[in-house]
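Please treat every number below as a calculation from the coordinates, not as lab data. Quick caveat, the model's predicted, so the values are computed rather than measured. So basically every Cβ, Gly included, is an ideal-geometry build from the backbone, and we count neighbours across all protein chains shown.
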Amino acid sequence: MRIATIAIAATVLLGLGATVHAAGVTVEQSGQQFSEKSIALKPGDALIFANKDDVSHNITVVNDDDDTADLGLQKPGENLTYTFDKTGRFKVRCSIHPSMKMVVSVK
């Protein structure tokens, strides 16, 4: 019985360890630019896009296979969150303001 309890506790702790590494990193949008041009994340990390502009944005995330995630319209003052579950290189852009670009590397 004691061995089973220890095994359950170890499983729970390992599960918590996987969750603890996930981070939320905030990138601000101001002056129709991202505050970062590039950023490195780990799989499972989330990127929070904080719209500090007085205009709306529409964030898209494109991976190396050209798969696109459209986060939709983001009004001024709103935050959008995208979780990077896979490794790779991702291009992040605003489909309304073409000069807004950044690269996310997930390793």
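Observations on the structure shown:
- Nearest-20 debye value, the range 22-106 charge dipole, Cβ charges on Lys, Arg, Asp, Glu: 200 debye
- The count of lysine pairs in the range 22-106 with alpha-carbon distances below 23 Å, taking only pairs 8 or more places apart or on different chains, stands at 15.
- Amide H within-cut-off set for Phe34, under 5 Å, with H built and near neighbours excluded: Lys101
- Reachable aspartates and glutamates from Lys107, criterion Cα separation under 17 angstrom, eight or more residues apart if same chain: Asp45, Asp64, Asp65, Asp85
- Using the Cβ-Cβ distance between Asp85 and Ser105 with R0 set to 22 Å, the FRET efficiency works out to roughly 0.95.
- The packing ranking, built from the mean of other Cβ atoms within 10 Å per residue, places the peptides 45-52, 65-72 in the order 45-52, 65-72, highest first.
- Calculated FRET efficiency for the pair Lys42/Asp70, C-beta based, R₀ 30 Å, to 0.05: 0.80
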